[in-house]
Amino acid sequence: MSTSVNDARPALNLRLYDTAARAVVPLAPTVTPGTVTIYLCGATVQGSPHIGHMRSAIAFDVLRRWLTRCGQDVVLIRNVTDIDDKILTKSAAADPPVPWWAWAQRYEREFDAAYRALGVQAPTYEPRATGHIPAMIDLVRRLLEAGHAYTGESGNVYFDVRSLPDYGSLTNQNVDDLATTEDDSQLDAEVEADKHDPRDFALWKAAKPSEPADASWDAPWGRGRPGWHLECSAMARRYLGESFDIHGGGIDLRFPHHENEQAQSHGAGWGFARHWVHNAWVTIKGEKMSKSLGNSLVVSELLRSYDPAVLRLALGTVHHRSTVEFSAETLADAASLWERLSGAVLRALEVTAPADGGTSPVDAGAAVLRARSLPAQYVGAMDDDLNLAGAMAVVHATLKRLNTALAAPVTDTDAVAAAALDLRAQLDVLGLDPLAEPWRARVIGAGSGADDAAMRALDRLVTGLLEQRAQARAAKDWARADALREELAAAGVVVEDGAAGSGGGARWHLA
């Protein structure tokens with residue numbers, strides 16, 4: 001039995017774990033019915049994107065795709081922090097030094113390339129912090145007038161955390177138990193010296209003679225630049241209004257960044273995020289993946305060795321609140337699964353291709369896929385806090401159904417096409433449809449060998465051995481036929497014999 005989620009504006013049944021509520025709760029967008037508004041903390045463009053960054057981007061890409069599949073319009077804002085202490089420090093320390101804005105632009109481009117390589121859809125808007133300084137100044141002014149902020153002697157402006165009764169509510173912390181509300185990377189002796197309370201955090205940092213003159217802006221309380229937390233509050237309000245449905249990001253941002261964002265926005269009188277959704281981090285051998293541990297894995301380097309679909313599969317088919325254990329074994333498992341998924345879809349495309357050279361029914365566009373009903377088990381899993389383990393169980397069952405149809409004694413092209421389209425529809429939600437961009441060219445090319453000289457050479461060698469095996473089988477020399485198959489298997493080549501009456505000979509693919 002299947003459940004369609006494609007009726008006009010169907011009821012939204014999605015339940016998500018809300019960090020603030022500390023429970024799985026129904027998502028009921030009320031700001032604009034039929035539209036889900038999301039603010040996702042994007043990159044601080046201080047260096048190259050690593051798999052931890054992509055983990056968050058892919059997790060929220062799957063959420064967005066599922067909401068769209070459920071008939072919702074989605075407005076997703078993913079910011080770029082292009083002015084920050086770390087950007088200024090690293091650009092100045094480069095040999096030779098680089099202008100801070102050039103440093104930021106270089107890595108912003110690297111992030112964009114990584115997102116596109118891994119099939120992450122572009123956000124609705126992607127605002128840069130430097131483009132919204134007036135809005136940040138207005139927010140600081142509002143907080144000063146409301147009594148939630150104060151100005152230090154050096155021109156720094158701070159948020160008074162004790163002025164807000166609900167400070168700490170996002171992460172369930174008591175102000176008295178905190179030593180600071182600043183991130184370690186943001187701590188600065190000059191900024192700390194001006195605080196009334198060490199638990200307060202900087203909204204505006206006064207310009208310093210040691211920093212570039214163009215890294216500061218005029219403000220009523222003195223020239224300077226925005227604090228890290230201020231940027232997101234101002235940009236979220238600019239693009240999504242005073243209240244919106246979901247604020248997302250990595251679990252490491254809950255405190256102090258998201259706690260401080262919420263404090264600023266509540267202090268300004270805004271409702272801000274109705275739900276908070278956080279993804280877990282990536283670990284390597286049980287350690288949190290971070291540059292400080294020296295075991296960061298940069299996306300561009302990984303893509304030299306692995307198909308981007310394999311990297312997405314490894315990062316994007318684990319529950320967003322579960323840790324991704326990243327290893328060579330993880331990637332090997334993902335590569336094997338991708339080979340099975342894409343290979344089955346490609347074989348279905350081939351066997352259902354019309355004799356007159358027309359388009360196979362398997363090669364349908366996105367609109368056709370998204371109009372297909374999805375199995376109730378799949379829908380139920382995705383609606384249950386994006387339970388990817390449950391959804392992937394359905395994907396594996398559908399893959400098995402497709403392979404069974406492909407191996408039938410007499411090929412039923414209708415059954416093959418139906419199973420292939422069902423599989424594609426399920427993978428589409430995960431951003432892994434083999435016949436969609438950015439995977440299509442690689443999948444089609446790998447299947448034909450047209451774009452790879454090495455694959456062409458391998459295909460010629462394997463085909464020659466398969467012809468010898470076919471001759472041995474015809475002569476009923478089963479020992480010779482089995483020996484040739486075993487020789488191919490030892491070389492990592494899987495042989496699949498065409499069924500009698502199917503009109504096809506043996507097929508092969510890499511294990």
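The values are calculated or read from the model by the stated rules, or taken from the named source; none is laboratory data. This one's a predicted model, so the numbers in the text were calculated from it and none came from an experiment. Cβ coordinates were reconstructed from backbone atoms using ideal geometry, including for glycine residues, and neighbour counts include every protein chain displayed.
Has the range 346-359 got at least one residue that is more than 30 Å from residue 277 (Cα to Cα), crowded, with 17+ Cβ neighbours inside 10 Å and among the β-branched types (Val, Ile, Thr)? Yes; the residues of the range 346-359 include at least one that is more than 30 Å from residue 277 (Cα to Cα), crowded, with 17+ Cβ neighbours inside 10 Å and among the β-branched types (Val, Ile, Thr). For residue 57, state whether it is within 23 Å of the chain's Cα centre (by Cα) and crowded, with 21+ Cβ neighbours inside 10 Å. When the stated conditions are applied, residue 57 passes them.
Scanning the range 86-105 for residues that are surrounded by fewer than 21 Cβ atoms within 10 Å (Cβ to Cβ) and under 30 Å from residue 241 (Cα atoms) yields 86, 101, 105.
With respect to the stated conditions, residue 176 fails to be in the same structural domain as residue 136 (by TED's automatic domain parsing), in contact with a Pro (Cβ under 9 Å, 6 or more places away or on another chain), exposed (fewer than 14 other Cβ atoms within 10 Å of the Cβ) and not in a loop (DSSP other than H, G, I, E, B). Between 199, 238, the distinction of being in contact with a helix residue (DSSP H, G or I) (Cβ under 7 Å, 6 or more places away or on another chain), basic (Lys, Arg) and part of a loop (DSSP other than H, G, I, E, B) belongs to 199 only. Any residue in the range 56-74 that is under 27 Å from residue 435 (Cα atoms), assigned by TED's automatic domain parsing to the domain that holds residue 262 and hydroxyl-bearing (Ser, Thr, Tyr)? Scanning the range 56-74 turns up at least one residue that is under 27 Å from residue 435 (Cα atoms), assigned by TED's automatic domain parsing to the domain that holds residue 262 and hydroxyl-bearing (Ser, Thr, Tyr).
The condition of being over 26 Å from residue 310 (Cβ atoms) and surrounded by fewer than 21 Cβ atoms within 10 Å (Cβ to Cβ) holds for only one of 381, 479, that being 479.
Has the range 80-97 got any residue that is hydrophobic (A, V, I, L, M, F, W, C), under 18 Å from the mean Cα position of the chain (by Cα) and in the same structural domain as residue 308 (by TED's automatic domain parsing)? Yes; the residues of the range 80-97 include at least one that is hydrophobic (A, V, I, L, M, F, W, C), under 18 Å from the mean Cα position of the chain (by Cα) and in the same structural domain as residue 308 (by TED's automatic domain parsing). Annotation: residue 291 fulfils all but one of (1) over 28 Å from residue 232 (Cβ atoms); (2) at pLDDT below 90; the unmet one is (1). Residue 181 meets all of the listed conditions (1) part of a helix (DSSP H, G or I); (2) buried (at least 19 other Cβ atoms within 10 Å of the Cβ); (3) of a type in the set (S, T, N, Q) but one, namely (1).
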